[in-house]
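A.B. asks: What follows is a structure written as structure tokens; I'll ask about it next.
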Amino acid sequence: MKKLLCVLLAVTLTAAFLVGCTRGSGSNTTFTYEQLMAKFEGEPENNVTIKVLDNDTAVDEGYFKQLVDAFNAEYAKYGIKAEDANMSQYTDLETNGPLGYGPDVLYDANDVIMRYAENGHVLPLPTEKLDIYKEGVLDSAISQTYEMNKFGYDLQFGVPINVQSLVMYYRQDKLPSDWETKWDANSNDVPDMLETYNGLYAYSKTIRQGSTNDNPVYGFVHSLNNQYFNFGYLLSYGAYIFGDNTMDLGLANGDSYKGLKVMQDLASIMDSSASTDSYTVQAYNSLASGKYFATITTPDVYVKFLNALVNEYVRTEKLSKDAATQKAKENLKVADLPRLPNSGKLTDTITDVETQTFAAKSMGGVNGYAISSYTKAPKACLLFIDFASKYDQVTKRAEKLGVVPARKDAAEAEGTNAYSEMVYQRVEENRIVMMPSVRDLTFVWSSVGSMFALVADDVTITGKGKPSKYATDQSLKDLLKSTVQDIQSSMEIG
């Protein structure tokens, strides 16, 4: 009942906004662009406080405070002040906004923000007023993640701040000392465990076999039920998310079942907690302590890995903070995803990387700022997101947190990070598939996450290290098809 009330309120408020912008009546009602953007015209509201919801990492690492302090100093003459909304980063604007509990400005992933845009919970933005659009520094694939055609216009509902995808974090000092002679099959000066998943799988087995059950040490780990992390295995072998419409689901397309075979091999070198999110949470300290050699996650948590390793060096080696930081930066590395085998079998021996493997794809997205439709100070909010998305602030965020800036000029700036170029290259090569900015993606996430967990548990729990129920190619194909049917049924009901 509460959810229904929130939706009705949202529709009512959105309708009220549209009535204020209408010209004409009935089915022929039209809006000019100027009418849609009327909320942002004129002088900014004076003596207002806007509540900004940023992500936890930006808050915890001190960047958010630097941002609001700089903004507040810049706009003190208007009496405009930004402050932490003091809410969970997962606060649901769709539920809380209509009740008056949501933030004025929110930072989130494109699929979340555009889900809000569908039902009018965030405002379309006057891009001509924003530096990031006026300067033309956004790649079209990045900009389009916040674009939606409404009222006859291609409107932008969010301002891109950083690009999200997957990168591999690993410990340089945990590479075997003899890798140049024993772990470089094609003699190209790239360790096998960084070049192919097959090499990473083999090295991970070696690490695990060299440890004990009382004190297990692992090679490559990540959560095998995480939809975002694992979707790339399907995409790499021909799957797609949505085709001509959201009922056209391509999870079972091509050889996508091979992506599940890759997951099965990975599960065999992990433990039973691989199908839980705990792997993602504990990865920072586990990589720092040497319990893990490598993991994959997003660029925006680089600072968490770095801090964990710094703390480990201070604790175990009694180094000063500066010395520990220097050593941590030398040993914590970020690399592209390894190449995948054509066969889908990580147990295959790779003798020719170019012909037996291919570059992996991954899911991607864009995090950015949006303005709540329920704010009473839209012009002040626009000033904030313009300020936060300018070159100086985006580069500071990248330097402080390790994110990949959405602005190309900031991504190329010296001192941000060395892997931004790698991520942009993958965008240009279409190896990053951006999350669709549609509501129906929520139905995909839940069902696919359950499917991934089934595959992992079948290896780590039921099969005690090898597939049990899903031991054949056909069983994996059938699982993908049934998952597609589940998602389609959920979309029809929902």
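The values are calculated or read from the model by the stated rules, or taken from the named source; none is laboratory data. No experiment lies behind these values; they were computed from the predicted model shown. Virtual Cβ from ideal backbone geometry, glycine too; neighbours counted across all protein chains shown. Surface accessibility is based on the protein's heavy atoms, side chains included, excluding ligands, DNA and RNA. Shrake-Rupley method; radii C 1.70, N 1.55, O 1.52, S 1.80 Å.
A.B. asks: May I ask you to list the residues in segment 265-300 that are under 15 Å from ALA328 (Cα atoms) and assigned to a helix (DSSP H, G or I)?
C.D. replies: Answer for segment 265-300, where residues must be under 15 Å from ALA328 (Cα atoms) and assigned to a helix (DSSP H, G or I): TYR284, ASN285, SER286, LEU287, ALA288, SER289.
A.B. asks: Scan segment 469-476 and tell me whether some residue there is assigned to a loop (DSSP other than H, G, I, E, B) and open to solvent by less than 50 Å² (accessible area, probe 1.4 Å).
C.D. replies: For segment 469-476, residues assigned to a loop (DSSP other than H, G, I, E, B) and open to solvent by less than 50 Å² (accessible area, probe 1.4 Å): present.
A.B. asks: Follow-up question, since we're still on this one. For residues that are of a type in the set (D, E, K, R) and under 19 Å from LEU332 (Cα atoms), tally how many sit in segment 379-413.
C.D. replies: Here the count works out to 2.
A.B. asks: Could you list, in sequence order, all residues of segment 413-428 that are surrounded by 14 or more Cβ atoms within 10 Å (Cβ to Cβ) and of a type in the set (D, E, K, R)?
C.D. replies: Residue satisfying the conditions is ARG426 alone.
Quick grid of which residues meet (1) surrounded by fewer than 18 Cβ atoms within 10 Å (Cβ to Cβ); (2) of a type in the set (Gly, Ala, Ser):
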{"residue": "VAL404", "(1), (2)": "no, no"}
{"residue": "THR442", "(1), (2)": "yes, no"}
{"residue": "ALA456", "(1), (2)": "no, yes"}
{"residue": "VAL459", "(1), (2)": "no, no"}
{"residue": "GLU492", "(1), (2)": "yes, no"}
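A.B. asks: Condition first: over 25 Å from ALA418 (Cβ atoms) and either among the acidic types (Asp, Glu) or buried (at least 16 other Cβ atoms within 10 Å of the Cβ) (or both). Can you find one or more residues in segment 329-342 that meet it?
C.D. replies: Yes, segment 329-342 contains at least one residue that is over 25 Å from ALA418 (Cβ atoms) and either among the acidic types (Asp, Glu) or buried (at least 16 other Cβ atoms within 10 Å of the Cβ) (or both).
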